[in-house]
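As structure tokens, the structure follows; a few thoughts come after it.
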Amino acid sequence: MPKKSPLRWSRADGVVVQLVLILALAATLLSFVFSLVWITPLLPADGSGPIMNSVTVRLPEGTPTPEAPVPPAGPEYGIEASQSMVITFHDPTTAQRFLLTLPALLAQAAAALVMFNLLRVARSLDVGDPFTPANVLRLRVIALTVLAGTLLVPAAEEVGEGLLRAEVLGTDGFEISYVLGGVSFTMVFVSLLLLGLAEVFRRGTRMRDDMRGLV
Amino acid sequence: MPPEEDEGADIVVRLDEVLAARGITLTELAARVGITVVNLSVLKNGRARAIRFSTLAALCRELDCRPGDLIDYRPAADRT
């Protein structure tokens, strides 16, 4: 009798994965609700909670470069002072709270959607029938959610920080080049791989349908 | 013509007729052929979508018949 591979997926693996996903999904949804409530003045915005009431933004154009606390260059190193500054909002308005939490809200919503669909896929493994049209759709949703999150979260960060900076310093809003610069091309590649995996499941579903009713 | 365009045409399975003629039960035939009673019942009731050649050959061997005795093709026009 051939030996069972130690990497073979067992029922215990399915239980552990589902448990982890349920806990992570619950935590993410709680964070999402907390972030939503934080937008309102119901919660204090003094920086003591999990949501930061400050943003790190670039120095305005034309601002003199700050001096580094040590000599700027030596034979073996070079030092540059930071080109950014931190703006802290002690009593942010609702609009400012929204801009401060928007990236987190988008990331939490995307993470929750991905985890929910992964949980449904894991449950189909328990039933022993993963090659279904429903799983093809779930994998596509996961892939597109990862892609959307990869593009939208950095964009929301940059747009939010730009608008807040403009409001405080009276400078220009934001630049498109900086918005695109925050995109992780690794995650874009991951989402394309997930789309490929969805296509594998689609073909597997079709092959499974061909085998159904075969005697 | 692709299968899905040949609406109404059907493959007819005459396994029940051959079983009756040979005096063999479905359960006995399933044991001789080496497939489950459930699968053989699926075939007998016309719910099978495909049959392996190995299964067809085993059925013909045990029932002492030809494939044409077990399955037949009925064009769409003949069903009206």
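The values are calculated or read from the model by the stated rules, or taken from the named source; none is laboratory data. Computed from a prediction, not measured in an experiment: that's the story for all the values here. Glycine also receives a Cβ, built like all others from the backbone with ideal geometry; neighbour counts cover every protein chain displayed. Heavy atoms of the whole protein, side chains included, go into the accessibility calculation; ligands, DNA and RNA do not. Shrake-Rupley method; radii C 1.70, N 1.55, O 1.52, S 1.80 Å.
Among residues that are basic (Lys, Arg) and crowded, with 19+ Cβ neighbours inside 10 Å, A:ARG138 is included. The residues listed here are A:THR205, A:THR150; of these, the one that is part of a helix (DSSP H, G or I), farther than 24 Å from A:LEU21 by Cα and of a type in the set (S, T, N, Q) is A:THR205. A Cβ distance below 7 Å, combined with a sequence gap of six or more or placement on separate chains, defines the contacts here; from region A:39-63, residues that are in a loop (DSSP other than H, G, I, E, B) reach residues that are at pLDDT below 75 in the pairs A:LEU43/A:GLY49; A:ASN53/A:ASP46; A:ASN53/A:GLY47; A:PRO60/A:THR171.
Residues checked against (1) open to solvent by less than 40 Å² (accessible area, probe 1.4 Å); (2) in contact (Cβ under 8 Å) with a residue 40 or more places away in the chain:
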position	(1), (2)
A:THR93	no, no
A:PHE98	no, yes
A:VAL114	yes, no
A:THR145	yes, no
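Picking from residues in region A:195-215 that are open to solvent by 40 Å² or more (accessible area, probe 1.4 Å) and more than 14 Å from chain B (Cβ to nearest Cβ), the one that is farthest from the chain's Cα centre (by Cα) is A:ARG203. Considering (1) of a type in the set (Phe, Trp, Tyr); (2) without any contact (Cβ under 8 Å) to a residue 12 or more places away in the chain; (3) under 30 Å from A:LEU42 (Cβ atoms), the lone condition that A:PHE185 does not fulfil carries the number (3).
Looking across region B:22-80, the residues that are open to solvent by less than 50 Å² (accessible area, probe 1.4 Å), of a type in the set (Val, Ile, Thr) and assigned to a helix (DSSP H, G or I) come down to B:VAL33, B:VAL42, B:THR55.
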